[in-house]
1. Solvent-accessible area of Lys117, probe 1.4 Å, all protein chains present, reported in Å² to the nearest ten, please.
2. So if R0 is 56 Å, what FRET efficiency would Lys319 and Glu207 give, r being the distance between their Cβ atoms, rounded to the nearest 0.05?
3. In the range 26-59, which residues have a backbone nitrogen under 14 Å from the label point lying 7 Å from Ala91's Cα in the Cα-to-Cβ direction?
4. Please work out the Cα center distance from the range 228-247 to the range 70-93, rounded to the nearest Å.
5. Subtracting the Cα-Cα distance from 0.36 nm times the residue separation, let me have the gained length for Leu156 to Glu79 in nm, one decimal.
6. If amide hydrogens are placed 1.01 Å from N in the peptide plane, which non-local residues have theirs closer than 5 Å to the one on Ala24?
7. Heavy atoms only, 1.4 Å probe, whole protein assembly: order Glu62, Glu151 by accessible area, highest first.
8. Mind listing which chymotrypsin sites (Phe, Trp or Tyr not before Pro) in the range 5-75 are in a DSSP loop and have 13 or fewer other Cβ atoms within 10 Å?
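The values are calculated or read from the model by the stated rules, or taken from the named source; none is laboratory data. All figures in this text were calculated on a predicted structure; none of them were measured in a lab. Here the Cβ positions follow ideal geometry from the backbone for every residue, glycine too, while neighbour counts run over all protein chains shown. What goes into the accessible areas is simple: the full protein's heavy atoms, side chains included, and nothing from ligands, DNA or RNA. Shrake-Rupley method; radii C 1.70, N 1.55, O 1.52, S 1.80 Å.
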Amino acid sequence: MQNNFFKYQAQTTQFAAGFEVEKAEGSYIFGKDGKKYLDFVAGVSANTLGHSHPKIVNAIKEQADKYLHVMVYGEYAQEKPVELCRLLAEATPDPLEITYLVNSGAEAIDGSLKLAKRYTGREEIISFKNSYHGNTHGALSVSGHEGHKREFRPLLPMISFIEFNNENDFDKITERTACVILETIQGAAGFLVPNNDYLVKLKKRCEEVGALLILDEIQPGFGRTGKLFSFEHFGIVPDILVMGKGMGGGVPVGAFMSSKQIMETLSHSPKLGHITTFGGNPLIAAASHATLKEVLESGLMNEVEEKEKLYRELLVHPKIKNINGKGLMLAVNLGTPEFTLNVAKKCMEKGLIVFWQLYRNEYLRISPPLTISKEEITEGCKIILEVLNEK
């Protein structure tokens, strides 16, 4: 299978692991090598409730027995997509009330940019240096790392970049600005958290000039920081909320959410302002609804702060420079990319799956399922410390 993987499946790097998966359950992935691996990555923040959670699996099976795709998005009323959108509206603060379901976080970013431009009638977009929003042309255009964009230019025009947590850049947000888009917690840059009421001040500036604020919660959403969405920690509500990854609990999904007044502008002048064939697919919506319901009702979010504290207490070592992040999205600084990649490889050999940050390879990524136990956290951290002691 590994030979066929490299021969027939397009690769994203020249050094993919090619790890052969047999099955996955809970906090573990089982390889065809007969070994089990504790998963500290959760499919890069996607498997919110761990692997093969029975409530998600049952929801998928029940929906599969009824029907799969029946019509393009937005034409027919289907039970699970409607229930998902209603539950999202009930779980989020005003004025967030209407959800547009799509296929991925990147598509949700593209849709949110179109929505902001359509509603405001403006063309300029402000994004952030070292931001990451996805790899479609629109999402790549507002991502802030030139090394990942250079070979694909020209991209979208009229996009400017400012610095995260730097209030001195606010004067670049003007009456020409359609929207400001940012990750509530910068992911690829090393899980950087807003400080000094930065988001409150940013929202105020947007309101002063009539620009919309788009928050990308594709990674920190769905309980990963101890709140359903991480903006709830920082005293604001975005005009447009973007979600994905952990929303589906292991299936491909994305969405953007806004007020009825803003969202309805995509339905006319022109009609079909955004359209997607498989967005709102009932099978995916069933899995997403089961995920959201469990996150809201299980009490898992109440455990996040304590689990974060345990990670920070255990991961103390002379070779660990610092730990960024919030909740169960932590970035462990090991000094250099070469060392971090080597540590990740050795951890895998010892039965622990860890990864690294896209732009800042010196940071080891820790983003386990919300369902991970304290015993599993202790077990995994012990392996990391063993590897660091051997280096």
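1. 80 Å²
2. According to the calculation, E is roughly 0.80.
3. 47-50, 56
4. 18 Å
5. 24.0 nm
6. Phe30
7. Glu151, Glu62
8. Taking the range 5-75 and a limit of 13 other Cβ atoms within 10 Å, the loop chymotrypsin sites (Phe, Trp or Tyr not before Pro) found are Phe15, Tyr67.
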